[in-house]
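Heads up, the thing below is written out as structure tokens.
The values are calculated or read from the model by the stated rules, or taken from the named source; none is laboratory data. What you see is a predicted model, and the numbers here were worked out from it, not measured in a lab. Positions of Cβ are backbone-derived with ideal geometry, glycine not excepted, and every protein chain shown enters the neighbour counts. Quick note on the areas: whole protein, heavy atoms, side chains included, nothing else; ligands and nucleic acids left out. Shrake-Rupley method; radii C 1.70, N 1.55, O 1.52, S 1.80 Å.
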Amino acid sequence: MKKALRFLGLTAVFFGICAGPAIAAPEDYAGRPIKAVEYRPEQQPYPRETLDPMVGMKVGEPLRLDAVRAAIERLHATGRYEDVEVDARLDDGGVVLTFTTRANFFLGRVTVERVSPPPNPGVLANATRLELGTLFTSESTENAVRNLETVLRQNGFYQTRITPHFERDEATQQVRIHFTVEHGDRARYQRPRIIGPVTGDVEEIIDATKWRGWFGWQKVTSARTEDGIDRVRRWYHKRQRLEARASLEGMEFDPETSRVTATLNVEPGPKIDIRTSGAGVSRGKLRQLVPVFEEQSVDRDLLVEGARNIEEYLESQGYFNASVDFESKNVNGPSDAQVIEYQIERGERHKVVSVTIEGNRYFDTQTLKERMYVRPASFLQFRHGRYSEAFLERDVEAIESLYRSNGFRDVEVTTGVQHGIGGKSTQMAVRIRVNEGPQWLVEKLNVQGASEDNEATVLGMIQSQEGQPFSEFNISIDRDNILDYYYNLGYPEAAFTSTFKPAEAPHRMILEYQITEGQQRFVREVLIAGGLETTDEGLVRERLLLEPGDELSRSRMLETQRRLYDLGIFARVNMSLQNPEGDEPRKYVLMDFEEARKWTVTGGIGAEIAKIGGCATCLDAPAGDTGFSPRVSFGLTRRNFLGTGHIISFQSRASTLQKRGVLSYNAPQFRSDPDINLLFSGVYDDSRDVRTYSARRREASVQVGQRWSRASTMLYRITYRRVSISDLKISDPVLIPQFLQ
């Protein structure tokens, strides 16, 4: 409807143009030569050399109304224009066309300010549901405000005023939105309202929420509310009410007291007792095998899965003929209690003495056994072997799938189980017979749709070459490889279809691949949307794998994100396309960041109780008397120091026996090389031995680490160390360890 109105507006424009005192109709301009094409405003989303071919109105050619409409269509298809109008005027027998446009804007960085966490600014920005690079509209901003109000209410801020501020960049059509929040004090809980068929002490249920602390009711947060509801469920689960439900019906806010009354709907459900009969299974193992404990729900599907798990557990213990069924019954009324009894028949314990495979020629026996669950008994792994009918069926499917993926479309796998091996009824052997059948090969391969530049590469990555085994599995691999190749070359609309038919020769196939490349997209520019408060932008630019004019490669975008995350200074790296739906050959790539916490402070208090002190010449306590030494530790780490991604750290420990401090400066990726790191460190250590001497160590070192491979790293280190001793209480200094001399 909107485009139709624009076309009607275009006709009205032509009818409303004055040529002298008379009103000119559009037909009066048709056929006249185009004298000039102008654009208003002068600053357009595209440079003139790009915009003129896109419009397609050439100076000197006769004006056609259908060409004007097509030009408007092409401009709207780019996604960069909210509105396009065309004016025309006569000038010396020719026509001057003026395209008057209004540009769209696209979402850049979104921030939420002046909110006391929780929630933190990143959570609030995500709550707006404004996606980086998408079209900006007033409706999306209104929805964002409503979403923020909801999240703030969930966190106790009921009296809020949210004001959006817009920062527009006309050159890149980017708009940053800053939401300023004014709020009162965070509300507190008060005694919740419990509704539903509650069983048990209501006060205990309220205490289970932990909303009431030692010094009164807690402040409202979304996490605390959800945790409180979950605690109520767990309170009932501990009392064997596995079907207990607790849900939040509402939060009623009292503005006079700034208190919130939560309404909890509690449905305890019946008591459920899960037992076994016929054979014993420990309570802990039963909780692992029956998923109703984990899912906190009881239905037939979960009970059936529990029976299957118990069977597999017994089979792993050698009871290959075990069967498990269950029965559910109510006790003392339909809602009082429910007993679920698993009836187990273990049968006789067996042992798999051998597993043999016959008839296989294309694959060796070891290759097939690697894909099998059924195993013979062995001392180290399975004392009784591993066998079940389900395992055997799974092994048959795995072997047949392996053969079919290699062209054996008619493969058949049969099995047999022989009991009484070696004269013992409990010993069994498993035999697998493979009838491979003929192997189907690719007789001819036709690849259509690939351009000359890409054809050679595409043909080189295809597995289903002529003379190679034919299978649908290989076709799916070819499809994934080809599409990944095109996506990484900037063809986001690439498509792949395949067809095949039997050839005249037996067991041969004719295979055809049809590739639709679509339009190739390129990088117009990489824009930093925001978030680099401390980090040097050059640090980010050095790790970009996309430059203006490059193909819009998906793999390069992912690798760029990985390299930035590897710095360890970003909590989030968001990478997106501006105007993703627009039909334009060159697109802006947007990057938005959230820096990780910069400062880390650690501390601790402890003590050491040991034989401390004593005298070298006393005989009553040669090891010293029991002493007490308090200890304090403190650590401070600054990440992303000076915005370079470097880390400076100070760790210290002080006690009556030791004073130690370590200062280090770490450049994880020295000179932007991910395989080289540089570390400066300094150590001061003043330690007093229990009875013999005191040692003081001062040390400085420089270390360069070079990673040669994933498993090998070479370290180059230069260390200066000076050690001195004092308070010597032994006669022979040779007894002092050499490292401390």
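Worth a mention:
- Tally, over the range 148-159, of residues that are open to solvent by 40 Å² or more (accessible area, probe 1.4 Å) and either in a strand (DSSP E or B) or not β-branched (Val, Ile, Thr) (or both): 5
- Selected residue (criterion: nearest to the chain's Cα centre (by Cα)) from residues of the range 420-430 that are more than 16 Å from VAL374 (Cβ to Cβ) and either among the polar types (S, T, N, Q) or surrounded by 15 or more Cβ atoms within 10 Å (Cβ to Cβ) (or both): THR426
- Test for GLY627: is it touching an Asp or Glu at 6+ places or on another chain (Cβ under 7 Å), at pLDDT below 95 and surrounded by 13 or more Cβ atoms within 10 Å (Cβ to Cβ): no
- The listed residues are THR137, THR100, and the only one of them that is touching a Lys or Arg at 6+ places or on another chain (Cβ under 6 Å), surrounded by fewer than 18 Cβ atoms within 10 Å (Cβ to Cβ) and not charged (D, E, K, R) turns out to be THR100.
- Of residues in the range 225-250 being in a strand (DSSP E or B) and in contact with a strand residue (DSSP E or B) (Cβ under 6 Å, 6 or more places away or on another chain), the one nearest to GLN338 (Cα to Cα): ARG245
- Exclusive hit being assigned to a loop (DSSP other than H, G, I, E, B), surrounded by fewer than 17 Cβ atoms within 10 Å (Cβ to Cβ) and at positive phi, set ARG191, ARG129: ARG129
- Lone qualifier among GLU85, GLU113 - being among the acidic types (Asp, Glu), surrounded by fewer than 19 Cβ atoms within 10 Å (Cβ to Cβ), in contact with a Ser or Thr (Cβ under 6 Å, 6 or more places away or on another chain) and under 23 Å from GLU170 (Cα atoms): GLU85
Here is a yes/no grid of residues against (1) among the acidic types (Asp, Glu); (2) at pLDDT 90 or above; (3) within 17 Å of ALA187 (Cβ to Cβ):
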{"position": "ALA208", "(1), (2), (3)": "no, yes, no"}
{"position": "ASP230", "(1), (2), (3)": "yes, yes, no"}
{"position": "ASP254", "(1), (2), (3)": "yes, yes, yes"}
{"position": "SER282", "(1), (2), (3)": "no, no, no"}
{"position": "ASP299", "(1), (2), (3)": "yes, no, no"}
{"position": "VAL304", "(1), (2), (3)": "no, yes, no"}
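- Top-ranked residue of the range 630-648 - restricted to ones that are modelled with pLDDT under 95 and small (Gly, Ala, Ser), ranked as nearest to ASP727 (Cα to Cα): GLY645
- TYR716 vs. criteria of a type outside the set (S, T, N, Q), in contact with a strand residue (DSSP E or B) (Cβ under 8 Å, 6 or more places away or on another chain) and without any contact (Cβ under 8 Å) to a residue 40 or more places away in the chain: yes
- All of GLN703, GLN651 fail the test of being open to solvent by 50 Å² or more (accessible area, probe 1.4 Å), assigned to a strand (DSSP E or B) and at pLDDT 90 or above, apart from GLN651.
Residue-wise test of (1) under 27 Å from SER629 (Cα atoms); (2) touching a residue at least 40 places away in the same chain (Cβ under 8 Å); (3) of a type in the set (A, V, I, L, M, F, W, C); (4) exposed (fewer than 15 other Cβ atoms within 10 Å of the Cβ).
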| residue | (1), (2), (3), (4) |
| --- | --- |
| VAL662 | yes, no, yes, no |
| ARG671 | no, no, no, yes |
| SER709 | no, no, no, yes |
| SER724 | yes, no, no, yes |
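- Scanning the range 260-304 for residues that are part of a helix (DSSP H, G or I), open to solvent by less than 70 Å² (accessible area, probe 1.4 Å) and touching a helix residue (DSSP H, G or I) at 6+ places or on another chain (Cβ under 9 Å) gives LYS285, LEU286, LEU289, VAL292, PHE293, LEU302, LEU303.
- For the range 363-373, the condition of being open to solvent by 20 Å² or more (accessible area, probe 1.4 Å), closer than 30 Å to LYS501 by Cβ and not in a strand (DSSP E or B) holds for at least one residue.
- Taken together, the residues in the range 163-184 that are touching a helix residue (DSSP H, G or I) at 6+ places or on another chain (Cβ under 8 Å), at pLDDT 95 or above and surrounded by fewer than 18 Cβ atoms within 10 Å (Cβ to Cβ) amount to 1.
- Residues in the range 85-107 that are at pLDDT below 95 and among the small types (Gly, Ala, Ser): ALA88, GLY93, GLY94.
The rows are residues; the columns are (1) at pLDDT below 90; (2) surrounded by 18 or more Cβ atoms within 10 Å (Cβ to Cβ); (3) of a type in the set (A, V, I, L, M, F, W, C); (4) more than 29 Å from ARG508 (Cα to Cα).
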site: ALA377; (1), (2), (3), (4): no, yes, yes, yes
site: GLN381; (1), (2), (3), (4): yes, no, no, yes
site: HIS384; (1), (2), (3), (4): yes, yes, no, yes
site: SER388; (1), (2), (3), (4): yes, yes, no, yes
site: GLU400; (1), (2), (3), (4): no, no, no, no
site: SER405; (1), (2), (3), (4): no, no, no, no
site: PHE408; (1), (2), (3), (4): no, yes, yes, no
site: GLN418; (1), (2), (3), (4): no, no, no, yes
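- Scanning the range 387-409 for residues that are assigned to a strand (DSSP E or B) and in contact with a helix residue (DSSP H, G or I) (Cβ under 9 Å, 6 or more places away or on another chain) turns up nothing.
- In the range 545-555, the residues that are buried (at least 18 other Cβ atoms within 10 Å of the Cβ) and closer than 22 Å to GLU594 by Cβ: LEU546
- Selection over the range 559-604 of residues that are among the hydroxyl-bearing types (Ser, Thr, Tyr), open to solvent by less than 60 Å² (accessible area, probe 1.4 Å) and more than 30 Å from LEU51 (Cα to Cα) gives a count of 2.
- Summed over the range 211-249, the residues that are farther than 23 Å from ASN155 by Cα, basic (Lys, Arg) and open to solvent by less than 80 Å² (accessible area, probe 1.4 Å) give a count of 1.
- All conditions but one from (1) among the polar types (S, T, N, Q); (2) modelled with pLDDT under 95; (3) within 30 Å of GLU42 (Cα to Cα) apply to THR199; the one that does not is (3).
- All positions within the range 533-553 that are closer than 12 Å to GLY645 by Cα and of a type in the set (Ser, Thr, Tyr): THR534, THR535
- Residue in the range 517-535 that is surrounded by 15 or more Cβ atoms within 10 Å (Cβ to Cβ) and free of Cβ contacts under 8 Å to residues at least 60 places away in the same chain present: no
- Every residue from the range 318-357 that is open to solvent by 70 Å² or more (accessible area, probe 1.4 Å), at pLDDT 90 or above and touching a Lys or Arg at 6+ places or on another chain (Cβ under 9 Å): LYS351
- Filter result (open to solvent by 70 Å² or more (accessible area, probe 1.4 Å) and either in contact with a Cys (Cβ under 6 Å, 6 or more places away or on another chain) or assigned to a helix (DSSP H, G or I) (or both)) within the range 438-494: GLU452, ASP453, GLU455, ALA456, GLU472, PHE473, ARG479, ASP480
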